[in-house]
1. Between Pro176, Leu91, Thr204, whose Cα lies farthest towards the positive end of the dipole of the chain when Lys and Arg beta carbons carry +1 and Asp and Glu beta carbons carry -1, centred on the Cα centre?
2. Could you calculate the FRET efficiency of Trp201 with Glu161 from 1/(1 + (r/R0)^6), where r is the beta carbon distance between them and R0 is 25 Å, rounded to 0.05?
3. Label points 7 Å out from Cα along the Cβ direction at Arg42 and Asn92: separation in nm?
4. Defining a contact as two alpha carbons under 8 Å apart and six or more residues distant in sequence, what relative contact order in percent does the range 99-233 show?
5. Given 10 °C and 1.306 mPa s, how large is the Stokes-Einstein diffusion coefficient of the range 107-177 in µm²/s, with Rh as the Kirkwood radius over Cα pairs?
6. Please turn the phi angles of the range 217-229 into ³J(HN,Hα) values with the Karplus equation 6.51 cos²θ - 1.76 cosθ + 1.60 (θ = phi - 60°), one per residue in order, whole Hz, x for glycine and proline.
7. For the chain, what does the relative contact order come out to in percent, with C-alpha contacts under 8 Å and a separation of six or more?
8. Kindly write out, for the range 170-181 in residue order, the coupling ³J(HN,Hα) from the Karplus curve 6.51 cos²θ - 1.76 cosθ + 1.60 (θ = phi - 60°), rounded to whole Hz, with x marking Gly and Pro.
Amino acid sequence: MSEEEKRIPRHIAIIMDGNGRWAQSRGLTRIEGHKAGTENLRQIIRASVDFNVKYLTIYAFSTENWGRPKDEVKGLMTILESVIDRELNELNAEGVRICHLGRLESMPVKTSRKIEHAVEVTRHNDRLILNIAWNYGGRDEIVHAIQQIIKAGIPAEKITEELVSCYMFTCDSPDPDLIIRTSGEMRLSNFLIWQSAYSEWYATPTLWPDFNKQEYQKAIDAYGQRKRRFGKI
Ligand code: IPE
Ligand code: IPE
Ligand code: MG
């Protein structure tokens with residue numbers, strides 16, 4: 001890999017936060033904030049292709065987000081369903097492969113069917129891998145991995161870091177090089193706990209619906225300046 005290529009994160013993961021505050025500051029409903037956030041995602045997906053990012057992971061609905069008011073949860077599920085209906089053909093034509101991180105069960109059947117369909121339709125694409133973390137929690141993912149490992153009857157001495165990584169929902173993706181969180185919060189909120197061991201962090205006060213291509217470029221430039229040591233000198 002050339003020095004130039006090393007400056008571009010191969011895998012970027014984004015905690016898309018701040019839709020609610022964006023809406024509130026405009027006297028809009030939280031759902032309108034989520035719609036604006038979803039609109040914004042379109043340009044960030046396209047920008048990822050332009051910037052030569054290979055893997056984009058977006059945190060869109062956490063296992064803890066079920067604790068929000070019923071109407072908001074329902075609204076979020078409906079937004080995801082309509083986004084899939086509206087965008088799938090175009091994303092597919094652009095070579096985007098959609099993967100899902102999280103549990104399909106315990107979601108409304110209509111939502112999980114649409115996700116499964118999007119994953120199936122785009123499975124041969126490889127221009128950009130778009131991991132959608134929906135009904136995702138890092139701790140839940142680890143619990144799920146342990147359950148699967150035990151069910152597969154794998155003996156203790158065969159358990160390695162590589163094997164555990166393979167039992168994560170992210171099995172097909174390398175660990176994220178860069179994690180971006182919008183809206184100024186400085187926490188992981190149960191996102192990719194296993195995979196983020198050596199990820200670089202970038203936080204910006206910009207709220208997600210306002211995080212545009214220029215802001216995205218700034219995050220990538222900041223990454224390009226980092227010295228990653230992985231514990232070495
Ligand atoms: C992020 O925006 C989207 C989801 C968590 C679904 P928020 O809804 O968390 O927005 P704030 O943090 O309340 O502003
Ligand atoms: C993290 O945002 C989850 C997503 C962006 C989907 P939250 O808004 O749910 O996180 P907390 O509650 O501020 O930690
Ligand atoms: Mg939030």
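1. Thr204
2. 0.70
3. Rounded to a tenth, the inter-label distance reads 1.9 nm.
4. After rounding, I find 22 percent.
5. 112 µm²/s
6. The phi angles translate into 4, 4, 5, 5, 4, 4, 4, x, 8, 6, 9, 8, 10 Hz.
7. Once divided by the residue count of the chain, the mean separation gives 30 percent.
8. 8, 2, 7, 10, x, 4, x, 7, 9, 10, 10, 10
The values are calculated or read from the model by the stated rules, or taken from the named source; none is laboratory data. The shown structure was predicted, so the numbers you read here are calculated from the model rather than taken from an experiment. Cβ: placed from backbone, ideal geometry, glycine included. Neighbour counts: every protein chain shown. These accessible areas exclude ligands, DNA and RNA; they are computed on the full protein's heavy atoms, side chains included. Shrake-Rupley method; radii C 1.70, N 1.55, O 1.52, S 1.80 Å.
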